[in-house]
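Take a look at the following structure, please.
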């Protein structure tokens, strides 16, 4: 047999009991959920900024970054609501490479999934207590979502997961905004089918239970660009792309039409400094067209303490606060960009 069962892991209820959320954190979560919801329903015109490291690879550097982000949030809170990226599990195109804090709490050591489950829960809890902000994470494994469901303010479903039935149905049972990315092919119809499924009611098997869901009215579009059959990147953040998306949204019976533009990945060809130009172009499109202003709710930006990326995951050559996955903007560029967005949004 090729699958080897190493050890039985605690269920989410057991982990939550051992690592409970404080009363302060529960209050923050409730208040933040309401504020974020109001942006997606159109009750608030604040602009959403989902920003942070490509992967949360080191608790100390991530928390230092988040402290800076929290101080920045206070300066722009009348126009911008910041949701920190704390992405704790990473999809790998070939299956190789660092798979995130869930797999390796210490990237320089062997995987330890139980320690990883505890590490990601503790990181999200410490972030809320430290910054007063609930964070975003990617739902790479639907069965693991309940380890964090009482902590997260936003969830992303990635380009490789958006066609998966289990992801779509689990999203339909969530009460927070979930961004459904267009697939790597760039096919918008696949993404819209995913949103339609996520906003619908379902009955299915989840973690050994027969469950029913009510549908998630906050499931929405994330544009991240695509790749054609030749491997060429096809950006989809331009004005004409947003117009097409608005037209297609108008033809579908979907609740709370909304778009978040991912400024990195195939939109930037993973050229991290391009995120600055892309963000400004999207903001210009919103200013030029009132319909797009209502539709485009925010941006996703990859940012960390030190710009760029590195291969080193430990030892004397490791750069503290620099990404070990995709390249990110450094702090100075990120701070300047946030202030630029504040003036323009």
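The values are calculated or read from the model by the stated rules, or taken from the named source; none is laboratory data. Here the structure is a predicted model, which is why all the values come from computation and not from measurement. Reconstructed Cβ throughout: ideal geometry from the backbone, glycine too, with neighbour counts over all protein chains shown.
Just one of 70, 119 is within 20 Å of residue 6 (Cα to Cα), surrounded by fewer than 22 Cβ atoms within 10 Å (Cβ to Cβ) and modelled with pLDDT of 90 or more; which is it? Reasoning before the result, please.
Numbers: 70 fails: within 20 Å of residue 6 (Cα to Cα).
The conditions single out 119.
Can you tell me which residue within region 174-219, out of those that are in a strand (DSSP E or B) and in contact (Cβ under 8 Å) with a residue 60 or more places away in the chain, is surrounded by the fewest Cβ atoms within 10 Å (Cβ to Cβ)?
Kept after step one, since they are in a strand (DSSP E or B), are these residues of region 174-219: 178-181, 202-206, 209-213, 219.
Now restrict to residues that are in contact (Cβ under 8 Å) with a residue 60 or more places away in the chain: 179, 181, 206.
Values: 179: 29, 181: 25, 206: 17.
Top of the filtered list is 206.
I would also like to ask the following. Looking for something modelled with pLDDT under 95 and part of a strand (DSSP E or B) - is there at least one such residue anywhere in region 238-255?
no
Rundown of residues vs (1) in contact with a helix residue (DSSP H, G or I) (Cβ under 8 Å, 6 or more places away or on another chain); (2) within 16 Å of residue 257 (Cβ to Cβ); (3) modelled with pLDDT under 95, yes/no style:
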| residue | (1), (2), (3) |
| --- | --- |
| 157 | yes, no, no |
| 174 | yes, no, no |
| 177 | yes, yes, no |
| 181 | yes, no, no |
| 192 | yes, yes, no |
| 196 | no, yes, no |
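So for region 148-158 (the condition being in contact (Cβ under 8 Å) with a residue 60 or more places away in the chain and surrounded by fewer than 19 Cβ atoms within 10 Å (Cβ to Cβ)), does at least one residue qualify?
yes
Tally the residues that are in contact with a helix residue (DSSP H, G or I) (Cβ under 9 Å, 6 or more places away or on another chain) and either part of a helix (DSSP H, G or I) or in contact (Cβ under 8 Å) with a residue 40 or more places away in the chain (or both), restricting the search to region 159-170. Working first, answer last.
Taking region 159-170 as the starting set, the residues that turn out to be in contact with a helix residue (DSSP H, G or I) (Cβ under 9 Å, 6 or more places away or on another chain) are 159, 161-170.
Cutting the leftovers down to either part of a helix (DSSP H, G or I) or in contact (Cβ under 8 Å) with a residue 40 or more places away in the chain (or both) gives us 159, 161, 165-170.
Number satisfying all stated conditions: 8.
When you check residue 291 against the structure, is it in contact (Cβ under 8 Å) with a residue 40 or more places away in the chain and assigned to a strand (DSSP E or B), yes or no? Explain how you work it out, then say what you get.
Working: in contact (Cβ under 8 Å) with a residue 40 or more places away in the chain: yes; assigned to a strand (DSSP E or B): no.
So residue 291 fails the test.
Name the residue, out of 301, 276, that is in contact (Cβ under 8 Å) with a residue 60 or more places away in the chain, in a helix (DSSP H, G or I) and under 15 Å from residue 51 (Cβ atoms). Let's see the steps before the verdict.
Working: 301 fails: in a helix (DSSP H, G or I).
On inspection, the qualifying residue turns out to be 276.
With the structure loaded, tell me whether residue 27 is in a loop (DSSP other than H, G, I, E, B) and over 18 Å from residue 145 (Cβ atoms) or whether it fails that test. Working first, answer last.
Details: in a loop (DSSP other than H, G, I, E, B): no; over 18 Å from residue 145 (Cβ atoms): yes.
When the stated conditions are applied, residue 27 does not pass them.
Go through region 237-266 and give me each residue that's over 24 Å from residue 45 (Cβ atoms) and in contact with a helix residue (DSSP H, G or I) (Cβ under 8 Å, 6 or more places away or on another chain).
Residues of region 237-266 over 24 Å from residue 45 (Cβ atoms): 240, 251, 253, 264-266.
Result: 264, single match.
I've got another one for you. Hey, residue 103 hits all of (1) buried (at least 17 other Cβ atoms within 10 Å of the Cβ); (2) over 16 Å from the mean Cα position of the chain (by Cα); (3) at pLDDT 95 or above; (4) not in a helix (DSSP H, G or I) but one; which does it fall short on?
Answer for residue 103: the failing condition is (3).
From the set of residues in region 123-144 that are touching a strand residue (DSSP E or B) at 6+ places or on another chain (Cβ under 8 Å) and farther than 25 Å from residue 69 by Cα, which is surrounded by the fewest Cβ atoms within 10 Å (Cβ to Cβ)?
So in region 123-144, the residues touching a strand residue (DSSP E or B) at 6+ places or on another chain (Cβ under 8 Å) come out as 124, 127, 131, 133-139, 142-143.
Next cut, farther than 25 Å from residue 69 by Cα only: 142-143.
Details: 142: 20, 143: 13.
Among those residues, the one meeting the criterion is 143.
Which condition does residue 313 not pass, out of (1) in a loop (DSSP other than H, G, I, E, B); (2) modelled with pLDDT of 95 or more, if it passes all the others?
Of everything listed in (1) in a loop (DSSP other than H, G, I, E, B); (2) modelled with pLDDT of 95 or more, residue 313 misses just condition (2).
Do you know which residues across region 45-74 are without any contact (Cβ under 8 Å) to a residue 24 or more places away in the chain and either touching a helix residue (DSSP H, G or I) at 6+ places or on another chain (Cβ under 8 Å) or part of a loop (DSSP other than H, G, I, E, B) (or both)?
If the condition is that a residue be without any contact (Cβ under 8 Å) to a residue 24 or more places away in the chain and either touching a helix residue (DSSP H, G or I) at 6+ places or on another chain (Cβ under 8 Å) or part of a loop (DSSP other than H, G, I, E, B) (or both), then 45 is the only one that fits.
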